[in-house]
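Notes follow once the structure below has been shown.
The values are calculated or read from the model by the stated rules, or taken from the named source; none is laboratory data. The shown structure was predicted, so the numbers you read here are calculated from the model rather than taken from an experiment. Using ideal geometry, Cβ is built from the backbone for each residue, glycine included, and neighbour counts are taken over all protein chains shown. Side chains are part of the model used for accessible areas, which takes the heavy atoms of the whole protein and leaves out ligands, DNA and RNA. Shrake-Rupley method; radii C 1.70, N 1.55, O 1.52, S 1.80 Å.
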Amino acid sequence: MQLELSVDRSSPVPLYFQLSQQLEAAIEHGTLTPGSLLGNEIELAARLGLSRPTVRQAIQSLVDKGLLVRRRGVGTQVVHSQVKRPLELSSLYDDLEAAGQRPATKVLVNTVEPASAEVAAALGVAEDSDVHRVERLRLAHGEPMAYLCNFLPPGLIALDTDQLETTGLYRLMRAAGITLHSARQSIGARSATAPEAKRLAEQAGAPLLTMQRVTFDDTGRAVEYGTHTYRPTRYSFEFQLLVRT
């Protein structure tokens with residue numbers, strides 16, 4: 001099926017941006033699936049009556065976003081689309097499933113340890129008291145997406161490694177009768193350390209998104225403290241901002 005593309009020459013929006021937006025929408029909506037080959041620049045330029053530099057600029061903008069990749073001897077190919085996560089109390093596992101990204105999990109740490117001052121303050125427990133620590137690598141379509149480190153109060157739920165590799169942490173909490181109510185969250189960015197880069201298939205020093213979250217149940221009890229890192233080429237947070245009246 002040929003992709004329907006068009007440009008409006010009377011619009012003040014640059015032609016390359018019109019084209020890149022249509023291609024990005026086709027990738028996000030699944031019209032252009034991962035692995036699909038995009039027509040070469042000459043074909044697209046001739047079809048749309050655009051110059052090759054305009055088409056090249058549109059394609060390069062999507063390469064820069066991590067949605068397309070140029071492969072020698074193959075051409076320009078669609079890669080897996082970026083997951084856009086709304087700022088609401090949801091789990092990464094659920095967000096990936098909703099985006100059709102086939103989530104998978106590798107549990108790397110599942111242990112009980114003394115709470116550090118930071119973790120104790122977040123969970124409202126005594127420093128050096130036992131807390132559960134779980135570290136997981138979250139993948140989509142077999143590619144690393146995020147590294148998740150979570151701390152939970154002891155005895156909150158059974159944290160079976162097999163279950164953690166087949167479903168999300170919040171689903172396990174809900175199944176145990178815990179009602180998640182609210183969270184306090186901060187988002188940032190920093191350079192990847194060498195171990196983080198290796199885990200997430202990035203270069204050392206590459207930018208990473210970071211997120212810290214304390215989640216509370218309907219009684220006001222802190223039930224989870226998470227500190228996570230994400231690949232920004234595959235993941236972003238979406239904000240909805242309202243004017244204060």
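Is at least one residue of region 21-36 more than 17 Å from G75 (Cα to Cα), within 30 Å of the chain's Cα centre (by Cα) and β-branched (V, I, T)? Scanning region 21-36, I find at least one residue that is more than 17 Å from G75 (Cα to Cα), within 30 Å of the chain's Cα centre (by Cα) and β-branched (V, I, T), so the answer is yes.
Within region 26-40, the set of residues being in contact with a Ser or Thr (Cβ under 8 Å, 6 or more places away or on another chain) and without any contact (Cβ under 8 Å) to a residue 60 or more places away in the chain comprises I27, E28, L37, L38, N40.
Only a single item in (1) modelled with pLDDT of 90 or more; (2) among the β-branched types (V, I, T); (3) open to solvent by 50 Å² or more (accessible area, probe 1.4 Å) is not met by V223, and it is number (3).
Scanning region 124-175 for residues that are open to solvent by less than 20 Å² (accessible area, probe 1.4 Å) and without any contact (Cβ under 8 Å) to a residue 40 or more places away in the chain yields V131, V134, R136, L139. Taken as a whole, the structure places E202 among residues that are over 30 Å from V125 (Cβ atoms) and either assigned to a strand (DSSP E or B) or in contact (Cβ under 8 Å) with a residue 24 or more places away in the chain (or both). Restricting attention to region 200-212, the residues that are under 15 Å from the mean Cα position of the chain (by Cα) and open to solvent by 10 Å² or more (accessible area, probe 1.4 Å) total 6.
Each row is one residue, and each column tells you yes or no for (1) in a strand (DSSP E or B); (2) of a type outside the set (G, A, S); (3) under 14 Å from N150 (Cβ atoms).
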| site | (1), (2), (3) |
| --- | --- |
| G188 | yes, no, no |
| E196 | no, yes, no |
| M211 | yes, yes, yes |
| T215 | yes, yes, yes |
| G220 | no, no, no |
